[in-house]
Amino acid sequence: MRFQFRLEKVLEYRRSQEDEAKQKFLTLRASRIRGEAEISAIGLRRKQMLAHPVKGLTGFTELQMRMIRLDDEERFTRTALTVMVNEEEAAERAWLLRRQELRSIELLREKSFAEWSYEQERSEQAALDEWAVMRR
């Protein structure tokens with residue numbers, strides 16, 4: 001006789017829900033990491049621009065305009081990053097909740113399997129005892 005868990009469909013559903021939540025979290029985490037890398041790249045570009053000497057008023061004006069654009073770009077990226085961090089945290093909480101729900105069903109399955117195994121062993125032992133008695 002084969003073990004059949006009566007909540008197998010629920011277990012499969014919870015596994016798929018947990019997997020989806022995990023994938024969403026990982027996607028959002030990767031997005032946040034890209035945003036942080038973009039902010040670092042903006043800082044690097046700023047340093048590179050400031051490292052070059054500026055000649056004349058026109059050069060200074062151009063540098064100032066580029067710095068203003070970089071400041072705007074950084075401000076926009078930081079705002080987007082804040083949203084990404086909030087979304088990532090929410091996705092992580094959802095994933096942890098799904099994982100906990102999955103674990104509860106898995107524990108029920110393990111308990112059910114242990115009970116089934118015990119009953120199988122008991123019935124096998126009873127059959128062996130009966131066979132031994134019949135043999136005598």
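A short reminder: the numbers here are calculations on the coordinates, not readings from a lab. Remember, predicted model here, so these are calculated numbers, not experimental data. Methodologically, a virtual Cβ is constructed for each residue, glycine included, from the backbone with ideal geometry; neighbour enumeration extends over all protein chains shown.
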Item to check | Computed helical MRE - 222 nm, the chain, DSSP H runs ≥ 4 contributing -39500 (n - 2.57), nearest 500 | outcome: -34500 deg cm²/dmol
Next on the checklist: Could you tell me the calculated FRET efficiency between PHE76 and ASP19, based on Cβ-Cβ distance and R0 = 35 angstrom, to the nearest 0.05?
Outcome noted: 0.55
Checklist entry - Given [x] 30, 16, 12; [y] 50, 22, 11; [z] 68, 13, 8, which label gives semi-axes √(5λ) of the Cα gyration tensor in Å as computed from the coordinates? => result [z]
Checklist entry - Among the lysines, which have Cα under 30 Å from the Cα of LYS47 when same-chain residues fewer than 8 positions away are ignored? => result LYS55
Item to check | With Cα atoms, 0 to 90° folded angle of helix 56-135 axis to the chain main axis | outcome: 0
Checklist entry - In the stretch 104-136, what GluC sites (Glu not before Pro) fall in a loop by DSSP, with at most 14 other Cβ atoms inside 10 Å? => result none
Checklist entry - Relative to the longest principal axis of the chain, what angle (0 to 90°, nearest 10) does the C-alpha long axis of helix 8-51 take? => result 20
Item to check | Likely footprinting exposure, TRP131, TRP116, TRP95, fewest C-beta neighbours within 10 Å first | outcome: TRP131, TRP116, TRP95
Checklist entry - Taking LYS9 as the anchor, which aspartates and glutamates have their alpha carbon closer than 17 Å to its alpha carbon, excluding any fewer than eight residues away along the same chain? => result GLU18, ASP19, GLU20, GLU101, GLU106, GLU110
Item to check | HIS52 versus PHE5: modelled label distance in nm, points set 7 Å from Cα along the beta carbon direction | outcome: 6.2
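Count neighbours as other Cβ atoms within 10 Å of each site's Cβ, and list the chymotrypsin sites (Phe, Trp or Tyr not before Pro) in the stretch 1-35 that are DSSP loop with at most 14 such neighbours.
Working: sites: PHE3, PHE5, TYR13, PHE25; in loops: PHE3, PHE5.
Filter output for the stretch 1-35: PHE3.
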